[in-house]
1. Just for the range 124-161: of the residues that are under 20 Å from residue 91 (Cα atoms) and among the charged types (D, E, K, R), which one is surrounded by the fewest Cβ atoms within 10 Å (Cβ to Cβ)?
2. Quick check on the range 42-77: of everything there that is of a type in the set (Gly, Ala, Ser) and in contact (Cβ under 8 Å) with a residue 24 or more places away in the chain, which residue is surrounded by the most Cβ atoms within 10 Å (Cβ to Cβ)?
3. List pairs: first in the range 232-254 and within 12 Å of residue 168 (Cα to Cα), second surrounded by 16 or more Cβ atoms within 10 Å (Cβ to Cβ) and of a type in the set (Lys, Arg), Cβ under 8 Å, 6+ apart or cross-chain?
4. Please tell me if residue 153 is more than 21 Å from residue 270 (Cβ to Cβ) and among the β-branched types (Val, Ile, Thr).
5. Among (1) within 16 Å of the chain's Cα centre (by Cα); (2) of a type in the set (Asp, Glu); (3) surrounded by 15 or more Cβ atoms within 10 Å (Cβ to Cβ), where does residue 121 come up short?
6. Within the range 114-166, which residues are closer than 27 Å to residue 276 by Cα, β-branched (Val, Ile, Thr) and in contact with a helix residue (DSSP H, G or I) (Cβ under 7 Å, 6 or more places away or on another chain)?
7. Looking at the range 47-101, what helices (runs of 4 or more DSSP H) fall wholly within it and have at least 2 residues that are under 22 Å from residue 263 (Cβ atoms), in contact with a helix residue (DSSP H, G or I) (Cβ under 8 Å, 6 or more places away or on another chain) and among the aromatic types (Phe, Trp, Tyr)?
Amino acid sequence: MSQNTVDTYFLVNAVRKYWKILVLVIVVSAIAGIVFSSSLFLTPLYKSKSVLYPSNLTPYSQESETEQMLQFFQSNVIRDSVIIKYDLFLHYGIDKSDKLGKYRIYEEFNNRVSITRSEYESVIIEVYDKDPMMAFNINREMINQFNNKVRQTQREKAFEMMVVQQDLMDVTKRHMDSISNRLRVLSNEYKILDFETQVKEAYRGFFSSNATNRMQLDLLISNLEEHGGEYNLLGIQLEQFSVAYATAVTEYEKARIDVEKKLTYSNEIISPYPPDRKSWPVRWLIVLISVAASTFLSFLVIGVVEQLKKIQIHENSEK
C-alpha cells in the first residue's frame, strides 16, 4: 500500500479505536483554552489605531517625508513626553527608583506602541493598553507631540536663519552707510554728482565757454579725473550692496514667517478613537490552537502506543 493509504488507514483506525479519548482531549483542551484566555490569566488589551500622511515637512537629504515622520516618532523626546504626561511608570507598574526602571519602561512602551509604514507610504500607529481611554490618549498624544517636535525643529532652523540674515543685514547696512558717507564727501567737496554725465557735459562746455567758466570746468574736470573713478566704483558697490540688502531682508522675512507660523505636519486619514472591543487575546484563535495542538499530540501518542503494541506482538509471536 502507498504511504498516503497507510496514513489514512491509521487515522481512521485510531479515531474508531480511541474516539472517546480524542473527544475527551478536544473538550478538555477547548475548556482549557477558554479558561486560560480569560481575564483571570490574560489581561485584555484594547487597540487604538491611527493612520497618518506627512505634510509640510522640510526635505532633508534623500529621505522621503514618510521616513522623516518615522524618525520623529522614534525620537526620545516624543516617547518621554508621553511617558511623563500619563505617568506610565505607575500605569505599567514599574518602579521609577529601580536602576533598570528606565530600560523597563522603554521596553514596555515599545511593546505597547507600534509605529510602522504602510505600503501606501502612510504611517500607522497602534497602541495597546488594558484601558481603552489610555490607549486612545497615548495615540492622540503621540500625534500632538509629533506636531510639536517638528514645529520646534523648524522654528529653531528658521530662527537660526533669522539671526544669519540679521547679521548680514547689519554688515551690509554698515557698508552702505560708509559708502554713502564717502559719496557725500565727494559730492560736497569735489562737486561730483553723476560721473558719466558730468564728464560729457564738462568737456562739451569746456570748448564752448568763456575763460571764467573754463576755469571752473577745468577744476571740475580735474576733480573728475582724480576722484571720478573712486566715485564711479563706489556707486557700483552701493548698488550691489543695496541688492544684497534687499535679498537679506526678503530672506529674513521668510524666516520670520516660518518662526511665527503654526502648522500641523500630519494629515489624519484615520484618527485615533477609544476602542470599545478588546483586541487581545483572540480567544477563538487560542482555543483553536489549543485544540489543534492537543489533537495532534494525541495522535502522536496513539501512534507511539500502537507501534509499541505491534513490536510487543511481533516479539511474542517469535517466542
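Taken together, the values in this text are just the output of simple stated rules run on the coordinates, not laboratory data. Note that this is a predicted model, so its numbers are computed, not measured. Quick reminder, even Gly has a Cβ in these numbers, built from the backbone with ideal geometry, and neighbours come from all protein chains shown.
1. Top of the filtered list is 131.
2. Taking the range 42-77 and keeping what is of a type in the set (Gly, Ala, Ser), we get 48, 50, 55, 61, 64, 75.
Still in the running and in contact (Cβ under 8 Å) with a residue 24 or more places away in the chain: 48, 50, 55, 64, 75.
Details: 48: 25, 50: 22, 55: 12, 64: 13, 75: 14.
Taking the candidates together, the pick is 48.
3. Here the result reads none, with nothing in the range 232-254 linked to a residue that is surrounded by 16 or more Cβ atoms within 10 Å (Cβ to Cβ) and of a type in the set (Lys, Arg).
4. So residue 153 passes the test.
5. Looking at each condition in turn, residue 121 falls short on (3).
6. Those that are closer than 27 Å to residue 276 by Cα, β-branched (Val, Ile, Thr) and in contact with a helix residue (DSSP H, G or I) (Cβ under 7 Å, 6 or more places away or on another chain): 115, 123, 125, 127, 138.
7. 65-73
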